[in-house]
Amino acid sequence: MPKLFAAPRPGQKSPSWILFDTDTAYLVDRYGRRLCNEHASRYAGCALECFRQKIDGAFVVFDEAVFSGPNRSRWGYEARLKNGGLFKGETIAEAAQRAGVSPEGLEKTLQTIARDAASGRGDSQFGRRDSLFRALKGPYYVSTPSSKVRFKTEGGLEVNPDFNVLRAADDAPIPGLYAAGAVCGSISARLCDVIASGLIVGKTAAAGLRKARS
Ligand SMILES: Cc1cc2nc3c(=O)[nH]c(=O)nc-3n(C[C@H](O)[C@H](O)[C@H](O)COP(=O)(O)OP(=O)(O)OC[C@H]3O[C@@H](n4cnc5c(N)ncnc54)[C@H](O)[C@@H]3O)c2cc1C
């Protein structure tokens, strides 16, 4: 199974879409239309949405409070602005025009967000209810476009909760064969899963070996 990420065109810079985890920002296409619930979808879900909707290049939009907020150095906003990965505008239209996004489309999108946030009922388009969902207030920032890319492939051996490998034909555990970490396709391979599976399988495999020897 491929895992998706987003990257700008070669030679360009753009902010990482992981910023949707921590900052108020929206993802739009070149017509200024949002694609999904950015916060719940996270970077991989946003990239998947680009894939589904055949969007080749989506733009991150946020405001001054984010640009100079607590995560400014983590996401390198200042550097992105300097090296052309971000465009600033006193108005939405100005920032949109500089980045190559439809000014009318983006104005409409941000007006809808502002209306939804003021109503207290949350995002009418994609159901965002998280605390980062709010209206943007100028100056505004729009990024260069990033597109979906595949950054790794996941998959492997199917295991049970003891990390005993299952036989493909009938899902029966194969005695004495265990899989942990990235080789194990039943878990998403992240470092925490890798370590947890190793801690579990170590005990289980050792107990199985002791039993087999006694
Ligand atoms: C681009 C990328 C970004 C990632 N980002 C993150 C992230 O931000 N956060 C996160 O938690 N995880 C991330 N991961 C996932 C994480 O790195 C892996 O899940 C983790 O490293 C897997 O650990 P592992 O010990 O199971 O396997 P590996 O780290 O792959 O270790 C397997 C080892 O076995 C060795 N080996 C292979 N065959 C043999 C052989 N026949 N004999 C002897 N040795 C052999 C290999 O050389 C290797 O050293 C990322 C992975 C990639 C590829």
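Do we find that Asn37 is in contact (Cβ under 8 Å) with a residue 60 or more places away in the chain, assigned by TED's automatic domain parsing to the domain that holds Leu132, under 21 Å from Gly127 (Cβ atoms) and surrounded by fewer than 22 Cβ atoms within 10 Å (Cβ to Cβ) in this structure? Walk me through it before giving the result.
Details: in contact (Cβ under 8 Å) with a residue 60 or more places away in the chain: yes; assigned by TED's automatic domain parsing to the domain that holds Leu132: yes; under 21 Å from Gly127 (Cβ atoms): yes; surrounded by fewer than 22 Cβ atoms within 10 Å (Cβ to Cβ): yes.
So Asn37 passes the test.
Among the criteria (1) surrounded by 11 or more Cβ atoms within 10 Å (Cβ to Cβ); (2) more than 15 Å from the ligand (Cβ to nearest atom); (3) within 34 Å of the chain's Cα centre (by Cα), the one Asp171 does not fulfil is (1).
Evaluate the stretch 158-165: report whether one residue or more is assigned to a helix (DSSP H, G or I) and farther than 30 Å from Gln97 by Cα.
Restricting attention to the stretch 158-165, the residues satisfying the condition of being assigned to a helix (DSSP H, G or I) are none.
Within the stretch 158-165, not a single residue is assigned to a helix (DSSP H, G or I) and farther than 30 Å from Gln97 by Cα.
For the stretch 91-135, a residue qualifies if it is more than 20 Å from Ser41 (Cα to Cα), surrounded by 15 or more Cβ atoms within 10 Å (Cβ to Cβ) and of a type in the set (A, V, I, L, M, F, W, C), and the qualifying residues are Ile92, Ala93, Ala95, Ala96, Ala99, Val101, Leu106. Beta carbons closer than 7 Å, at least 6 apart along the sequence or on distinct chains, pair a first residue in the stretch 109-125 that is under 19 Å from Phe59 (Cα atoms) and assigned to a helix (DSSP H, G or I) with a second that is β-branched (Val, Ile, Thr) and at pLDDT 95 or above for Thr109/Val28; Leu110/Ile92. Taking every residue in the stretch 5-19 that is within 12 Å of Pro145 (Cβ to Cβ) and in the same structural domain as Asn71 (by TED's automatic domain parsing) and pairing it with any residue that is of a type in the set (Ser, Thr, Tyr) and part of a helix (DSSP H, G or I), at least 6 positions away or on another chain, the pairs with Cβ-Cβ distances below 8 Å are Ala6/Tyr43; Pro15/Tyr77; Trp17/Tyr43.
The values are calculated or read from the model by the stated rules, or taken from the named source; none is laboratory data. If you're wondering where the values come from, they're calculated on a predicted model, not measured in any experiment. Using ideal geometry, Cβ is built from the backbone for each residue, glycine included, and neighbour counts are taken over all protein chains shown.
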